[in-house]
Amino acid sequence: MLAGPLFSRETLTAPRQFKHFLIRSGYIGAMFVLMYTAAQTTFGWQQIRNLGDVARFGQLVFQIFALVQLTLMIFFSVLFAAGNVAQEKDRRTILLLLMTDLRDSEFVLGKLFASLLLPAALLATSIPVFTVVHLMGGTSLGQIGCVIAISAAAGFLAGCWGSMVAFWREKTFQTLAISLIGVVLSLGCVEGLLVLSGTTTPAGIVIGALNPFRSTLRVLDPFHAEAGTTFATVALISAAELAAVGTVLAAVAILRLRIWNPSRTMGEAATKDEKVQGVVRPPRVVWNSPVIWREMMTKAYGRKIILIKFAYLVIAAFAIYSVVVSPRDAGLVLGMISPSGAAFVGLSLLAMLLVNAQAVTSLTTERDSGTLELLLVTDVTAKEFILGKLGGVLFNSKELILTPILFVAWYAVRGVITAENFLYVTLGFLTLVLFAATLGLHSGLSYAISRTAIANSLGTVFFLFVGIFICMILILQARASFGLQMPSFLVFILGGSLGLWASLTHRNPSPALTLAAGILPFCTFYAITSFLLGQTLGVCLFVVAAYGFTVMAMLVPAVSEFDTALGRTVMPKG
């Protein structure tokens, strides 16, 4: 009874599910596959006789594992915590929970810790893998403990933030968007304050500890002297500050629980009062396609969506400013991409995550609120429904989509990139945006449980780009021996294909989706190598062809076999 009956129920039921063991074993398996790929990239098939080489390899793997795990902990902690509460609001079961004898602390902490149960289990199961890395040399147990502590504190803070936002906002898309943008803005604000205060001052040390990535990099470089502090001290300060901020956010959610909820029922009561008083709103003209009319002409995603777009523009302004003030002779970020390219990639990834979140919640919200079945009994066709939802998502996200394009156009006008490369980048980015939106709709149709649909949709986009990032690092590590290490990359690519296949073909497998899952990682790998070799046309062609085919493979069944995609009919066998 650590946090009340909600958490106790989760701890009793979650370990009984097969997916609980599958996710844990799959996570460890993915880490060992990544370790094998890195080993083959570093050593190849040659015999290793120097212990120093093994120690340097252990240090490389430790750095990759630490940064990737920290990113995963933050992302999935905020996603699970926000989605868990948002689902209760969409189904309106939060009203039933509020009418029970649960204390506010049991309600908030129970939901929070139940959401963080899976990330905490994955973090715990990764400790033996880090121990294996320690046996190779190059890392100490103190570094491993510091990395685990920072990841745990960062995950706790992210979960508290997502939970507080979910209790505050009503719409699921607003909850997910504010949660994701809040994480990015907080990191940007920390770095901005560090520029003003300095990294070596006492205030700078306190402020810098709020950035878990900066603290983790400090642990990964233990001999870097910074204000006379050791990496263990930096990790301890960082973990304590992150946990303290998370505790404050959880306390705010507990204190404001009954004030923020149930606001929806109060809104409905106000509407009834208006009807009693004879207040009649003028009728609105509905288009021939009512689905896209609702998406474009009404506030289907809440009244605060303008604030989400404003926050994204603020992030874009920070990114552009950082590029402008950077020196012209600045080196490549991680040896792969220029600072301007890194800013564009960051803005594009955030835009695609927001587009994907809006697409998947446009369906899950309809299902949870019970309006999806009402739409299905009308004369709205499957084509009108799917294309209406897709058009509404792209229309409502137009500012998010245009901002990265305008950023690249600005560089094209300044002559930094050619008009040809601008065209390639724009086509590739628009194709990826369409893929993110279609994937959200596909996941919303394929998964009956909203939390599963949201986690699968956003997780697929997130893992896709994390895999691209890791693959680029390993290719740079291989360097001249890349051709000899090709078999090791095939293992990494095949793992990605299997994961994508499981995601796309969850309910209704088809040959087209299977083919898309098979060719997409290989085409992405070719695009990565072409980019590193400076072959821009090859990158554009393979991105547009692979992701465009995947979009069609998801759209055609959704339009032509809509009832089957929703699981409302069962195709006869034999």
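The values are calculated or read from the model by the stated rules, or taken from the named source; none is laboratory data. These figures come from a predicted structure and were not determined experimentally. All Cβ positions, glycine included, derive from the backbone under ideal geometry; neighbour counts span all protein chains shown.
Pairs under 8 Å by beta carbon, first residue over 10 Å from L532 (Cβ atoms) in region 465-479, partner at pLDDT below 75 and surrounded by fewer than 19 Cβ atoms within 10 Å (Cβ to Cβ), six or more apart or different chains?
Between residues of region 465-479 that are over 10 Å from L532 (Cβ atoms) and residues that are at pLDDT below 75 and surrounded by fewer than 19 Cβ atoms within 10 Å (Cβ to Cβ), the close pairs are I473/L334; I473/M336.
Looking only at region 68-76, decide whether some residue is farther than 22 Å from G145 by Cβ and among the hydroxyl-bearing types (S, T, Y).
no
For E88, work out the one condition from (1) touching a residue at least 40 places away in the same chain (Cβ under 8 Å); (2) in a helix (DSSP H, G or I) it doesn't fulfil.
Of (1) touching a residue at least 40 places away in the same chain (Cβ under 8 Å); (2) in a helix (DSSP H, G or I), only one is false for E88: (1).
Per-residue answers, yes or no, for (1) small (G, A, S); (2) buried (at least 20 other Cβ atoms within 10 Å of the Cβ); (3) in the same structural domain as L70 (by TED's automatic domain parsing):
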{"position": "T418", "(1), (2), (3)": "no, no, no"}
{"position": "S443", "(1), (2), (3)": "yes, yes, no"}
{"position": "A453", "(1), (2), (3)": "yes, yes, no"}
{"position": "S457", "(1), (2), (3)": "yes, yes, no"}
{"position": "F463", "(1), (2), (3)": "no, no, no"}
{"position": "C471", "(1), (2), (3)": "no, yes, no"}
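Take G44 and decide whether it is at pLDDT 80 or above and either among the small types (G, A, S) or at positive phi (or both).
Numbers: at pLDDT 80 or above: no; either among the small types (G, A, S) or at positive phi (or both): yes.
In short, no.
Are there any pairs with C-beta distances below 7 angstrom linking a residue in region 376-401 that is among the charged types (D, E, K, R) to a residue that is outside any helix (DSSP H, G or I), with the two at least 6 apart or on different chains, and if so which?
Partner pairs satisfying both residue conditions: E384/S289.
Might you check whether a residue that is surrounded by fewer than 17 Cβ atoms within 10 Å (Cβ to Cβ), of a type in the set (D, E) and either modelled with pLDDT of 80 or more or more than 30 Å from L141 (Cα to Cα) (or both) occurs anywhere in region 285-303?
For region 285-303, residues surrounded by fewer than 17 Cβ atoms within 10 Å (Cβ to Cβ), of a type in the set (D, E) and either modelled with pLDDT of 80 or more or more than 30 Å from L141 (Cα to Cα) (or both): absent.
In the same structural domain as G58 (by TED's automatic domain parsing), over 29 Å from I308 (Cβ atoms) and out of contact with any Gly (no Cβ under 9 Å at 6 or more places or on another chain): does that describe M99? Spell out how you get there, then give the answer.
On the way: in the same structural domain as G58 (by TED's automatic domain parsing): yes; over 29 Å from I308 (Cβ atoms): yes; out of contact with any Gly (no Cβ under 9 Å at 6 or more places or on another chain): yes.
For M99, the condition - in the same structural domain as G58 (by TED's automatic domain parsing), over 29 Å from I308 (Cβ atoms) and out of contact with any Gly (no Cβ under 9 Å at 6 or more places or on another chain) - is met.
Going by what's in this entry, would L541 be described as crowded, with 18+ Cβ neighbours inside 10 Å, at pLDDT 85 or above and not polar (S, T, N, Q)? Walk me through how you get there before you give the answer.
Details: crowded, with 18+ Cβ neighbours inside 10 Å: yes; at pLDDT 85 or above: yes; not polar (S, T, N, Q): yes.
Yes, satisfied.
Quick check: anything in region 222-241 outside the structural domain of A351 (by TED's automatic domain parsing), under 20 Å from L79 (Cα atoms) and either touching a residue at least 40 places away in the same chain (Cβ under 8 Å) or surrounded by 15 or more Cβ atoms within 10 Å (Cβ to Cβ) (or both)?
Let us first name the residues in region 222-241 that are outside the structural domain of A351 (by TED's automatic domain parsing), namely 222-241.
Going one step further and asking which of them are under 20 Å from L79 (Cα atoms), we end up with none.
No, there is no match, as no residue in region 222-241 is outside the structural domain of A351 (by TED's automatic domain parsing), under 20 Å from L79 (Cα atoms) and either touching a residue at least 40 places away in the same chain (Cβ under 8 Å) or surrounded by 15 or more Cβ atoms within 10 Å (Cβ to Cβ) (or both).
For region 134-152, which positions are of a type in the set (A, V, I, L, M) and surrounded by fewer than 24 Cβ atoms within 10 Å (Cβ to Cβ)? Walk me through how you get there before you give the answer.
Narrowing region 134-152 to residues of a type in the set (A, V, I, L, M): 135-136, 141, 144, 147-150, 152.
Residues satisfying the conditions are L135, M136, L141, I144, I148, A149, A152.
Only one residue in G370, G392, G341 is out of contact with any Leu (no Cβ under 8 Å at 6 or more places or on another chain) and on the phi > 0 side of the Ramachandran plot, so which one is that?
Numbers: G392 fails: on the phi > 0 side of the Ramachandran plot; G341 fails: on the phi > 0 side of the Ramachandran plot.
Just one listed residue meets the conditions, G370.
Of the residues in region 91-116, how many are out of contact with any helix residue (DSSP H, G or I) (no Cβ under 6 Å at 6 or more places or on another chain) and not in a loop (DSSP other than H, G, I, E, B)?
Just the residues of region 91-116 that are out of contact with any helix residue (DSSP H, G or I) (no Cβ under 6 Å at 6 or more places or on another chain), to begin with: 92-93, 95-103, 106-107, 109.
After this cut, where a residue has to be not in a loop (DSSP other than H, G, I, E, B) as well, the list is 95-98, 106-107, 109.
Matching residues across region 91-116 total 7.
Looking at region 89-102 only, could you name the residues that are charged (D, E, K, R) and over 18 Å from W168 (Cα atoms)? Give the derivation first.
Just the residues of region 89-102 that are charged (D, E, K, R), to begin with: 89-92, 101.
Within region 89-102, just D101 meets the criteria.
Quick test of your reading of the structure: G392 fulfils all but one of (1) out of contact with any Ser or Thr (no Cβ under 6 Å at 6 or more places or on another chain); (2) surrounded by fewer than 20 Cβ atoms within 10 Å (Cβ to Cβ). Name the failing condition by number.
Looking at each condition in turn, G392 falls short on (2).
List the helices (runs of 4 or more DSSP H) inside region 122-239, counting only whole elements, that have at least 3 residues being over 16 Å from L67 (Cα atoms) and under 25 Å from the mean Cα position of the chain (by Cα). Quick ask: steps written out before the conclusion?
Numbers: elements: 127-136, 141-168, 172-197, 202-208, 212-220.
Qualifying helices (runs of 4 or more DSSP H): 141-168, 172-197.
Taking into account only those residues within region 51-97 that are of a type in the set (S, T, N, Q) and modelled with pLDDT under 85, which is farthest from A166 (Cα to Cα)?
So the first thing to find is which residues in region 51-97 are of a type in the set (S, T, N, Q), and the list is 59, 63, 69, 71, 77, 84, 87, 93.
Now restrict to residues that are modelled with pLDDT under 85: 87, 93.
On the way: Q87: 9, T93: 14 Å.
This residue is T93.
Condition first: in the same structural domain as T100 (by TED's automatic domain parsing) and under 28 Å from Q59 (Cα atoms). Can you find one or more residues in region 158-168 that meet it? Outline the logic, then answer.
Initial filter on region 158-168 (in the same structural domain as T100 (by TED's automatic domain parsing)): 158-168.
From what's left, under 28 Å from Q59 (Cα atoms): 158.
Yes; the residues of region 158-168 include at least one that is in the same structural domain as T100 (by TED's automatic domain parsing) and under 28 Å from Q59 (Cα atoms).
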